[in-house]
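Here, each number is a calculation from the coordinates, and none is a lab measurement. No experiment lies behind these values; they were computed from the predicted model shown. All Cβ positions, even for glycine, are placed from backbone atoms using ideal geometry, and neighbour counts span all protein chains on display.
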Amino acid sequence: MTADVHIHGVEHRFDTFTALHRVDLKISAGEFIVLLGPSGCGKTTLLSIIGGFLSPSEGNVLIGGKDMSLVAPRARPTTTVFQDYALFPHMSLRDNVAFGLRMRGVGRAARHKKALEMLDLVGLSDKGDRKPHALSGGQRQRVALARALAVDPDVLLLDEPLGALDLKLRRQMQDELKAIQRSVGTTFIHVTHDQEEAMAIADRIVVMNQGRIEHCGTPEEVYLTPKTLFSANFMGEMNRIPVTAAGQGVASPLGLLPLAPQTGTLCLRPENLGLAGEVSLGPARLEAAAFFGSHHRCHFTPLAAPDLRLIAHLPQGRHPAPGEEVELFATHPVILAPEAA
Amino acid sequence: MRALSWAYLIAMLGFILLPVAMLVIFSFQDGRLPVPPLKGVTLEWYGKVLSDRALMEALVNSLLVAFVSALTALVLGFLAASGLARVVLPGSAWMRGALIAPMTVSYLIVALGLLQMFGQVGIRPSLLATGIGHVVINLPLCFAITYAAIGEHQRSALKAARDLGAREFQVLWFVAAPMLAPALAAAFFLAFTFSWDEFIIAFLLTRFDVTLPVEIWSMLRSGLSPATNAVGSLVFLVSLVILVALELTLFRKGAK
């Protein structure tokens, strides 16, 4: 089952602190949405409001077209996967997963059957009789996922579910989450502060900062054509060059560049700088380089602007020598207007 | 240094346990007075005590009051703790303070207050009145133990239960109570022993049916006898059994 979620002008205040400023967001049924932002940006608050654990100070949330303002968490078509798993330690995995069905009055045989199906979905069908403390972190996370999905929610809320796992396991769980989401078709709303995780799993990423939505789009859009400096920086490393509009191009410390005239900050990802590309940045000297496995990370100083440092990720095959002077090119240049502060 | 610390340990244990040991030893005294020297060993006094009808009735009364009052205090304390742990109300800190406050009031004051209040509303001194008194003194204890046991882990499990569709009583019954079982058992047994030993409230709030400490007190008024030692030993035995049971079930589990 699945449903769309409409968030209308949701504002939330804690005493004197405003956690969310009039947030509007439309999420289609079956979408995998990731709320991304640094801690304190309001992403978890928004998730709690969708789940019904917090009532917004203003605005409302519609799930499947129904206003949820007066609906308690237990009656909402949502379930949550909590960051600390929140499994019931005194129950076996099967009883944990079957708990939601038991609360809905499903008979013992039927709910156990469903629980085993769900455990099978997350690859733990042979451990139904174990207790949660006998499991590893990754396995507990799977049980929490199975438990939340067992009641066929329309919308599944995931609150930094992979935060406590080590990097390798996290990457593996991301793939599994994505696969499970495709197979069940439920709308997933996932909160994280890890932009790589967001890009790995999301249909759409919602970048949040200080209680506002900075950018909402596909991973490609958010990464390659960011709308704000904040989301540009948050999505990954970025070279920033101040530019001003000048005739047909822009003036920069590197000289006149043939870009659409606009005043602001020219943003270039390190991997979009190279020895060939759309726009020439002029000659630059390699100061230092380090091999990172998938690329060489190089620090360049443009000859036209000795104070500026540009970071470029060059492909493996190329062995740059420090001191070498090369012509740098850029692809995917984005100029962002100064932040309206 | 090592010998000194052993000596200190033995002296300390002796200081604590010697009175109890004397009580138990002289309950077997073959003579009229429970004082040294030990003239011989007999079970006569135990036989006498166990066939004493008033004493046995008091013992049953005590068990009944202890059980019912401990259970009532536990249920009320558990509900209060889960409620206050769940939501932050204006004045939550004051409510917690008010719930724990009776712990700081002497039993005598509590008993006097209850005596006057029961006089007003027409509850006669009885086992019921004593039981209510014991709930008053044990509720803060049960609340404090349960409240302290509710951590972030429990909170999020309770939240998860609500999220999965549990009603509030189902959350308490299926999730909160089992998760807090060790704390609840500890609170119950502590409340039980406190009620079982309690004298002042029981003395002021009972009349015809009395609890065991009150009965022992009236025995003492007619002078020392190995019989009082025998009763005392039996009371001690009950407390000991509860303690050992606690040790074997709860504390060992917690240490694992």
Using a 10 Å cut-off around each Cβ, can you sort B:TYR147, A:TYR85, B:TYR8 from fewest to most neighbouring Cβ atoms?
B:TYR8, B:TYR147, A:TYR85
Helix-only estimate, please: 222 nm mean residue ellipticity of the protein assembly as shown, summing -39500 (n - 2.57) across DSSP H runs of length 4 or more and dividing by its residues, to the nearest 500.
-14000 deg cm²/dmol
The local net charge around A:GLY37, scoring Lys/Arg +1 and Asp/Glu -1 for residues other than A:GLY37 whose Cβ lies under 10 Å from its Cβ, equals +1
Roughly how far apart, in whole Å, are the Cα centres of segment B:166-237 and segment A:103-174?
45
Local electrostatic count, B:ALA166, Cβ distance below 11 Å [Lys/Arg +1, Asp/Glu -1]
+4
B:VAL75 to B:TYR8: FRET efficiency via 1/(1 + (r/R0)^6), r the Cβ-Cβ distance, R0 45 Å, to the nearest 0.05?
0.55
Cross-link partners of B:LYS39 among lysines (Cα-Cα below 23 Å; sequence separation of 8 or more within a chain):
B:LYS48
Rounded to the nearest 5, what is the percent of antiparallel bridges among the DSSP beta bridges in chain A?
75
So for segment B:1-141, using the alpha carbon gyration tensor with a ≥ b ≥ c as root eigenvalues (a/c under 1.5 gives rounded; past that, a/b versus b/c decides prolate or oblate), I'd call it oblate
What ranking of B:GLU57, A:GLU271 emerges when the number of other C-beta atoms within 10 Å of each C-beta is taken as an exposure proxy, fewest first?
B:GLU57, A:GLU271
Additional length obtainable on full extension of the chain from B:VAL88 to B:GLU57, 0.36 nm per residue less Cα span
6.5 nm
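Let me make sure I get this right: for segment B:64-255, a, b and c are the square roots of the gyration tensor eigenvalues over alpha carbons, sorted descending. Under 1.5 in a/c it's rounded, otherwise prolate if a/b > b/c, else oblate. Which is it?
On the way: a/c = 2.79, a/b = 1.62, b/c = 1.73.
Judged from the Cα gyration tensor, segment B:64-255 comes out oblate (a/c at least 1.5, b/c at or above a/b).
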Once phi for every residue in segment B:93-106 is put through the Karplus expression 6.51 cos²θ - 1.76 cosθ + 1.60 (θ = phi - 60°), the whole-Hz ³J(HN,Hα) values, with Gly and Pro written as x, are 4, 5, 5, 4, x, 5, 5, 8, 3, x, 4, 8, 8, 5
Once you sort the root eigenvalues of the Cα gyration tensor of the protein assembly as shown as a ≥ b ≥ c, which label holds: rounded (a/c under 1.5), prolate (a/b larger than b/c) or oblate (the other case)?
prolate
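Taking neighbour counts of Cβ atoms within 10 Å as a proxy for exposure, in what order, fewest first, do A:ASP129, A:ASP307 appear?
Working: A:ASP129 10, A:ASP307 7.
Going from sparsest to densest Cβ surroundings: A:ASP307, A:ASP129.
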Count, lysine Cα pairs under 20 Å in segment A:5-233, 8 or more residues apart or across chains
9
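All other residues with a Cβ under 15 Å from the Cβ of A:PHE82 taken together, and with Lys, Arg as +1 and Asp, Glu as -1, what is their net charge?
On the way: positive: A:LYS43, A:ARG140, A:ARG142, A:ARG147, B:ARG155, B:LYS159, B:ARG162; negative: A:ASP84, A:ASP159, A:GLU160, B:GLU152, B:ASP163.
Here the count lands on +2.
Of all DSSP beta bridges in the protein assembly as shown, what percent run antiparallel (nearest 5)? Write down the numbers at each step before the final one.
Working: 54 of 72 bridges.
Percentage antiparallel, nearest 5: 75.
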